[in-house]
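*Asks:* Quick one: this structure, given as structure tokens, is what I'll be asking you about.
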Amino acid sequence: MMDFAYWLPIIWAVILVAAISIYVVLDGFDLGIGMLFALERHPDRRDVMVNTIAPVWDGNETWMVLGGAVLYGVFPGAYATLLPAFYLPIVLMLLALIFRGVAFEFRVMTRGTGREGMWNAGFMAGSAIAAFCQGTILGGVVQGIKVVDGAFAGGPLDWLTPFSILCGLSVMCGYALLGATWLIWRTTGVLEASCRRWAARLAVGLFIGIVAVSLWTPLLHAPYLRRWTDWPNIAFVAPVPVLVVVLGRLFVMGLRRGHSKGPFLCALGWFFLCLSGLGITVWPYAVPPGLTLWDVSSPPSSQFFQLIGTAILLPIILTYTIYSYHVFRGKVTETDGYH
């Protein structure tokens, strides 16, 4: 029973990381397309951008809900500590996502009335604010939270630091890159050519962000530094930065050779490596730098009960997600429409 109780939080940590990763993949290019409205002003091409995600965008938040449910049900100590530490960015993110969703629909309903521009601006702003808030929350978690007797003991703006702002800007750049590469895959003609130019510039920005965050993170706490520099740890973590460079090279080759899917897959690879690197850095802490997974987890019986339900629901969620993207696959042109 002791061994089983030990492994349950690890199993749940894997499920939580998987839910967050899938959310980043699916909603990342979704938010990125919203931010790219700032670069594409032609109304018909904007409609094409929206039509590539219109059938599936509202299902992407399922994975964020799953991640929140896991945090609340399985790691209640982390939920009770993290939520008050990030009330402001979480509320701002949720409001931005709500307003963005409203703008997504209203921009179509108000076409020809002169108010479409307001909703386009709302779609852009909501996407950018949500992306920035997600990045600052991530940066705030990694930099650590002041905890006394298992409870948050800091101030309402402790999360807002130069490091978290850097993470927020990096996530914005990364999501915009995912959006650009998604459109390379799903569109044609002038819009696809524009996205290739945007992707090349955004990739440079994201690479700079990755390097800056990677160099800064080990300096935040001594355990982080040891994780990346002590032997034999370095032998296991060294492939991560090497693969980042390799994917960068493949990304450039894909753009130059006119590949459609290659740039998007390389961008996804960058995100996977970044999340892997952050996971390696903070392990085994659920609330860095003091509370581990086992410190904040619910009783083993509760974890096991929830695991049974998740084992039933997770395949269903995966199935309808994969099926929806399969049904609405292929290139989208100005003659296609969803609304």
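The values are calculated or read from the model by the stated rules, or taken from the named source; none is laboratory data. Please read all numbers here as calculations on a predicted model, not as lab measurements. Quick reminder, even Gly has a Cβ in these numbers, built from the backbone with ideal geometry, and neighbours come from all protein chains shown. With ligands, DNA and RNA removed, areas are computed over all heavy atoms of the protein, side chains included. Shrake-Rupley method; radii C 1.70, N 1.55, O 1.52, S 1.80 Å.
*Asks:* Is it true that Gly73 is touching a residue at least 12 places away in the same chain (Cβ under 8 Å) and closer than 24 Å to Asp158 by Cα? Steps first, please.
*Replies:* Details: touching a residue at least 12 places away in the same chain (Cβ under 8 Å): yes; closer than 24 Å to Asp158 by Cα: no.
So Gly73 does not fit the description; no.
*Asks:* Do any residues in segment 81-95 that are on the phi > 0 side of the Ramachandran plot have Cβ atoms under 9 Å from those of residues that are of a type in the set (Ser, Thr, Tyr) and in a helix (DSSP H, G or I), where the two are at least six apart or on different chains, and which pairs are they?
*Replies:* Partner pairs satisfying both residue conditions: none exist.
*Asks:* Which of the residues that make up segment 207-261 are closer than 27 Å to Gly290 by Cα and among the charged types (D, E, K, R)?
*Replies:* Within segment 207-261, the first condition is being closer than 27 Å to Gly290 by Cα, and the residues that meet it are 209-238, 240-241.
Matches in segment 207-261: Arg226, Arg227, Asp230.
*Asks:* What residue, among those in segment 42-66 that are under 30 Å from Ala311 (Cβ atoms) and acidic (Asp, Glu), is least open to solvent (accessible area, probe 1.4 Å)? Before you say what the answer is, go through the steps one by one.
*Replies:* Taking segment 42-66 and keeping what is under 30 Å from Ala311 (Cβ atoms), we get 53, 55-66.
The next check asks that each one be acidic (Asp, Glu); those that pass are 58, 61.
Details: Asp58: 98, Glu61: 35 Å².
Here the answer is Glu61.
*Asks:* Can you tell me which residues in segment 219-235 are in contact (Cβ under 8 Å) with a residue 24 or more places away in the chain and among the hydrophobic types (A, V, I, L, M, F, W, C)? Break it down stepwise before answering.
*Replies:* Initial filter on segment 219-235 (in contact (Cβ under 8 Å) with a residue 24 or more places away in the chain): 220-221, 223-224, 227-228.
Matches in segment 219-235: Leu220, Trp228.
*Asks:* Next question. Could you check segment 102-113 and list, in sequence order, the residues that are assigned to a helix (DSSP H, G or I) and open to solvent by less than 70 Å² (accessible area, probe 1.4 Å)?
*Replies:* Pass one, segment 102-113, residues assigned to a helix (DSSP H, G or I): 102-109.
Within segment 102-113, Val102, Ala103, Phe104, Glu105, Arg107, Val108 qualify.
*Asks:* Just the residues that are aliphatic (A, V, I, L, M), under 21 Å from the mean Cα position of the chain (by Cα) and in a loop (DSSP other than H, G, I, E, B), please, taken from segment 34-82.
*Replies:* Within segment 34-82, Ala38, Ile53, Ala54, Val56 meet the criteria.
*Asks:* Then there's this: In segment 46-63, how many are more than 24 Å from Ala121 (Cβ to Cβ) and of a type in the set (A, V, I, L, M, F, W, C)?
*Replies:* 1
*Asks:* Return the residue satisfying two criteria in turn: it lies in segment 259-273 and is in contact (Cβ under 8 Å) with a residue 12 or more places away in the chain and farther than 21 Å from Met172 by Cβ, and of such residues it is farthest from the chain's Cα centre (by Cα).
*Replies:* Ser260
*Asks:* Follow-up. Taking segment 286-305, which residues are touching a residue at least 24 places away in the same chain (Cβ under 8 Å) and either touching a strand residue (DSSP E or B) at 6+ places or on another chain (Cβ under 6 Å) or hydroxyl-bearing (Ser, Thr, Tyr) (or both)?
*Replies:* Initially, segment 286-305 is screened for residues touching a residue at least 24 places away in the same chain (Cβ under 8 Å), giving 286-291, 293-298, 300, 302-304.
Selection gives Gly290, Leu293, Val296, Ser297, Ser298, Ser302.
*Asks:* If I go through segment 193-218 residue by residue, how many of them are in contact with a helix residue (DSSP H, G or I) (Cβ under 7 Å, 6 or more places away or on another chain) and either open to solvent by less than 50 Å² (accessible area, probe 1.4 Å) or free of Cβ contacts under 8 Å to residues at least 12 places away in the same chain (or both)?
*Replies:* 15
*Asks:* Residues in segment 119-140 that are free of Cβ contacts under 8 Å to residues at least 60 places away in the same chain, open to solvent by 10 Å² or more (accessible area, probe 1.4 Å) and within 12 Å of Phe99 (Cα to Cα): how many?
*Replies:* Looking only at that region, the number is 4.
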